[in-house]
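Take a look at the structure below.
The values are calculated or read from the model by the stated rules, or taken from the named source; none is laboratory data. Since we're looking at a predicted model, the values are computed, not measured. Here Cβ is always computed from backbone atoms with ideal geometry, including for glycine, and neighbour counts include all displayed protein chains. Protein only, heavy atoms only, side chains kept; ligands, DNA and RNA dropped before computing areas. Shrake-Rupley method; radii C 1.70, N 1.55, O 1.52, S 1.80 Å.
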Amino acid sequence: MEDIQSTELFKIIGKNIRYYRKLYDLEKGKMTQEKLAELADVSIALIGNLESKKINQGISVFTLWKISKALEIPVEKLFDGIEDETKTLNA
C-alpha cells in the first residue's frame, strides 16, 4: 500500500462502519449509532464522527476491533476499499 493519506483512510473506515451498521439493521435488527457505541464501549460522538464525511476522526486499532466485534464482522472488513483508493492515487 502506497501513499494513502490518513484522511482518506479514516473516511474509508467510517464509510465501512456505517455500511456494516446498516447491514446489521437489515440482517439482525436495529443497530443505531447509540447502540453500536454502547456495545463497543465507546462514545456516541466517536461513532458519529467516524461516520461523518466532514470530520477527520482518528481511531485506535483496539477501538476498531471492539467495533468489529459489536458488528459481528472481521476487523479487516472495516478496511475494504483501501486497495481501490491506493490504485486511484497511483494512476
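Annotations
- Qualifying residue in region 74-85 (condition: at pLDDT below 90, over 22 Å from M31 (Cβ atoms) and part of a loop (DSSP other than H, G, I, E, B)): no
- Selection within region 5-33 - open to solvent by 60 Å² or more (accessible area, probe 1.4 Å), part of a helix (DSSP H, G or I) and not aromatic (F, W, Y): S6, K11, K15, R18, K22, L26, E27, K28
- Answer residue from region 34-67, given it is part of a helix (DSSP H, G or I) and among the small types (G, A, S) and is surrounded by the most Cβ atoms within 10 Å (Cβ to Cβ) among those: A40
- Exclusive hit being polar (S, T, N, Q) and within 9 Å of the chain's Cα centre (by Cα), set S68, S52: S68
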